[in-house]
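Written below as structure tokens is the structure these notes are about.
The values are calculated or read from the model by the stated rules, or taken from the named source; none is laboratory data. Only a predicted model underlies this, so the values are computations on that prediction, with no experimental measurement involved. Cβ placement follows ideal geometry from the backbone for every residue including glycine, while neighbour counts extend to all protein chains displayed. For accessibility, only protein heavy atoms count, side chains too; no ligands or nucleic acids. Shrake-Rupley method; radii C 1.70, N 1.55, O 1.52, S 1.80 Å.
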Amino acid sequence: MTQATQGYYNAEASAVSGEEISFSFGANWKRFLDGFNDQVLADACQSFSGFSHFQRLDEHDFLDLGCGSGLSSLVAVTLGARRVVSIDIDPHSLECARYLRSKCGIDESRWEIRPGSVLDPALLESLGRFSYCYSWGVLHHTGSMWPAIANVVQYNTADRGYFHLALYNKHRTSERWLRIKRLCNRSPRFWFPLIRNLFIAGLFGKMLLRGRSPRRYLRDYKSHRGMDFYRDIDDWVGGLPYEYCTPDETVDDLADRGFALLRLRTTTSCGCNEFLFQRQ
Ligand SMILES: C[S@@+](CC[C@H](N)C(=O)[O-])C[C@H]1O[C@@H](n2cnc3c(N)ncnc32)[C@H](O)[C@@H]1O
């Protein structure tokens, strides 16, 4: 696939989120897709099924809000979802998802890819209701995390439908991360790779001091979501807007909206907590 420019910024997302500078996740996803192969897809399917306990999605319509590379949408198609719709605010992300769809020879009637924001109620309403709404690592990057959650619940989740989401954990380092992300995005562009590489060196150095193997960490990381550490790291150091919350805050918010928690994977770091809810 053609390389994205080194433009890490997404002006459209800034206009929607109100964040002075919004990180372009899609530009990063383009580099991730260069390494796409059957094993990446198999890992992603395994990771999805491992958490959700859904081995197949034949009975489901699947809405992927903030599809990024499109890999999770492709997982849904692979697991037999009747219809998959992906939206994203970043043109680069949409290009990635379309690339995956055409590379895998999937018909547009089975997998629809549309530009749009999860903060746009008119768009969400026009998409209709889905039995499986999925938004992994997205809503905390909108600049309006709780309204975004409310939108998906109000417009897209069917009766008895599932809502699968992952949100950044509130952690003692969260405020520091916000400062790092702002520094990365507001500094001259050559700073970005520098800060990123310093961060990787620090992380691996700390692991070695504690007797842990960075190589093993990288291998385990891959097997967790079928994702790549070196791609995700760009999101970590650059991903703005950035919000976070505790697992309890999410569970309470969705309980108030009539959702029961089915599965939960928490983290003790500032990474993502993952939830699967069902509308009661
Ligand atoms: C960290 S990526 C996650 C991508 C994908 N869900 C995954 O799990 O790999 C966040 C994605 O959310 C998208 N995004 C950010 N704000 C959005 C909004 N308001 N509406 C729709 N997508 C948005 C970004 O463009 C980006 O592709």
| request: Pop out the carbon and sulfur fraction of the accessible area of the chain as a percent, whole number, probe 1.4 Å. | output: 51 percent
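If you add up the charges near SER131, with Lys and Arg at +1 and Asp and Glu at -1, over every other residue whose beta carbon is less than 12 angstrom from its beta carbon, what do you get?
Values: positive: ARG82, ARG83, ARG129, ARG160, ARG279; negative: ASP58, GLU59, ASP61, ASP159.
So the surrounding residues net to +1.
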| said: Suppose each label sits 7 Å from its Cα in the direction of the beta carbon; what would the ILE233-ARG83 distance come out to in nanometres? | reply: 4.2 nm
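Compute the length gained on full extension between GLU112 and ARG56: take 0.36 nm times their separation in residues and subtract their Cα-Cα distance, giving the result in nm to one decimal. Can you show the working numbers first?
Details: separation 56, 0.36 × 56 = 20.16 nm, distance 1.95 nm.
Extending this stretch completely gives an extra 18.2 nm.
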| field | Heavy-atom accessible area per residue - region 103-238, 1.4 Å, Å² | value | 51 Å²
| task | Pop a pseudo-label 7 angstrom from the Cα along the beta-carbon direction at both ARG160 and SER269 and give the gap in nm to one decimal. | result | 3.9 nm
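What relative contact order, as a whole-number percentage, does the chain give when Cα pairs under 8 Å and 6 or more residues apart are counted?
Values: 512 pairs, mean separation 58.3, N = 280.
RCO, the chain: 21 percent.
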| query | What is the Cα centroid distance between region 118-166 and region 91-109, reported in whole angstrom? | reply | 21 Å
| said: For SER86, what residues show an amide H to amide H distance below 5 Å, using hydrogens built from the backbone and excluding near sequence neighbours? | reply: ASP64, GLU112, ILE113, ARG114
| field | Point-to-point label distance, ASP220-PHE199, nm (Cα→Cβ direction, 7 Å offset) | value | 2.0 nm
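When the chain is fully extended, how far beyond the present Cα-Cα distance does ALA255 get from PHE190, taking 0.36 nm per residue of separation? Please report the intermediate quantities before stating the final value.
Values: separation 65, 0.36 × 65 = 23.40 nm, distance 4.47 nm.
That works out to 18.9 nm of additional length.
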| Estimated vicinal HN-Hα couplings, Hz - region 243-260 in sequence order (Karplus 6.51, -1.76, 1.60; Gly, Pro = x) | 10, 7, 7, 7, x, 4, 4, 5, 4, 5, 4, 6, 5, 4, 9, x, 10, 9
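Are there trypsin sites (Lys or Arg not before Pro) in region 93-177 that DSSP marks as loop and that have at most 13 other Cβ atoms within 10 Å, and which are they?
Passing both the DSSP loop test and the Cβ count: ARG110, ARG172.
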| query | For the chain, which longest stretch is free of loop sites, where a loop site is one of the GluC sites (Glu not before Pro) that DSSP puts outside H, G, I, E and B and that has at most 13 other Cβ atoms within 10 Å? | reply | 109-280
